[in-house]
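Step one of this worksheet: look at the structure below.
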Amino acid sequence: MAVLVGLGQGAEELSLLEKSLGLKKGNKYSSQGDQKIPVLQTNNGPSLTGLTTIAMHLVKQAKQDQLLGTTAEEKAVVHQWLEYRVTQVDKQSSKEETRIILKDLNSYLEDKVYVTGNNFTLADILMYYGLHHIIADLTVQEKEKYLNLSRWFNHIQHYPGIRQHLSSIVFIKNRLYNAH
């Protein structure tokens, strides 16, 4: 398990990722700056800085390179969504910005099983972790409004080893029917 020093959200997510990848090395994380950018102190070499940089390092350390994409195009799409996660999802500061992100993701996921298309990747994992607190705060009606995003999110939260201690988000509204 990772040692978390000056815990920021990114460090917690990296700890979850580390566990989901089956890594047991006990990496030591800290954070820097007001935005609590995660830092990994490596035993042999320089420290690594940034959520996506460290996450990609952990995937390679776990020898699960398929999570970074299997084709050149898929690798580029994974990088694109990791960048989107850090530059858009993590930077949203108003309800309006959040609404736009959710609307855009909902449209994008209309014909996709996973963020990159048909394969589960690191982009799905980090987008799930980044969106968890946002989706958790949505009402049932709001979740129904973002049907494609809700479908994707529910699928990822049930992917083995991903959710861990995070709360399970409920998407199905119970309806009572009168029997005639």
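The values are calculated or read from the model by the stated rules, or taken from the named source; none is laboratory data. What you see is a predicted model, and the numbers here were worked out from it, not measured in a lab. Glycine also receives a Cβ, built like all others from the backbone with ideal geometry; neighbour counts cover every protein chain displayed. To get the accessible areas, we keep the full protein, side chains included, count just its heavy atoms, and leave off ligands, DNA and RNA. Shrake-Rupley method; radii C 1.70, N 1.55, O 1.52, S 1.80 Å.
Please indicate, with yes or no, whether at least one residue in the stretch 100-115 is in contact with a Phe, Trp or Tyr (Cβ under 8 Å, 6 or more places away or on another chain), touching a residue at least 12 places away in the same chain (Cβ under 8 Å) and among the aromatic types (Phe, Trp, Tyr). Talk me through it step by step, then tell me what you get.
Keep residues of the stretch 100-115 that are in contact with a Phe, Trp or Tyr (Cβ under 8 Å, 6 or more places away or on another chain), which gives 102-103, 105-106, 109, 112-115.
If we keep only those that are touching a residue at least 12 places away in the same chain (Cβ under 8 Å) as well, we get 102-103, 105-106, 109, 112-115.
Now restrict to residues that are among the aromatic types (Phe, Trp, Tyr): 114.
Looking through the stretch 100-115, at least one residue is in contact with a Phe, Trp or Tyr (Cβ under 8 Å, 6 or more places away or on another chain), touching a residue at least 12 places away in the same chain (Cβ under 8 Å) and among the aromatic types (Phe, Trp, Tyr).
Please state which of the following conditions VAL140 fails to meet, knowing it meets all the rest: (1) over 15 Å from the mean Cα position of the chain (by Cα); (2) of a type outside the set (Ser, Thr, Tyr); (3) at pLDDT 95 or above.
For VAL140, the exception is condition (3).
Quickly run through the stretch 80-115 and pick out the residues that are among the acidic types (Asp, Glu) and either closer than 22 Å to ALA11 by Cα or within 15 Å of the chain's Cα centre (by Cα) (or both).
The first filter runs over the stretch 80-115 and keeps only residues among the acidic types (Asp, Glu), leaving 83, 90, 96-97, 104, 110-111.
Across the stretch 80-115, the qualifying residues are GLU83, ASP90.
Considering each of GLN9, GLN32 in turn, give the residue that is over 19 Å from TYR84 (Cβ atoms) and surrounded by fewer than 21 Cβ atoms within 10 Å (Cβ to Cβ). Reasoning before the result, please.
Working: GLN9 fails: over 19 Å from TYR84 (Cβ atoms).
Exactly one of GLN9, GLN32 is over 19 Å from TYR84 (Cβ atoms) and surrounded by fewer than 21 Cβ atoms within 10 Å (Cβ to Cβ), namely GLN32.
If a residue counts only when it is open to solvent by less than 10 Å² (accessible area, probe 1.4 Å), closer than 28 Å to LEU21 by Cα and touching a Lys or Arg at 6+ places or on another chain (Cβ under 9 Å), which helices (runs of 4 or more DSSP H) contained entirely in the stretch 75-180 have at least 2 such residues? Write out each step before concluding.
Details: elements: 95-108, 122-136, 140-145, 147-157.
Of the helices (runs of 4 or more DSSP H) lying wholly inside the stretch 75-180, those with at least 2 residues that are open to solvent by less than 10 Å² (accessible area, probe 1.4 Å), closer than 28 Å to LEU21 by Cα and touching a Lys or Arg at 6+ places or on another chain (Cβ under 9 Å) span 122-136, 147-157.
Would you confirm whether or not the stretch 50-71 contains a residue that is within 30 Å of THR139 (Cβ to Cβ) and either polar (S, T, N, Q) or not in a helix (DSSP H, G or I) (or both)? First the steps, then the outcome.
Narrowing the stretch 50-71 to residues within 30 Å of THR139 (Cβ to Cβ): 51.
Next, only the ones that are either polar (S, T, N, Q) or not in a helix (DSSP H, G or I) (or both) stay: none.
No, the stretch 50-71 has no match at all.
Can you give me the number of residues within the stretch 38-74 that are open to solvent by 50 Å² or more (accessible area, probe 1.4 Å) and touching a residue at least 60 places away in the same chain (Cβ under 8 Å)?
0
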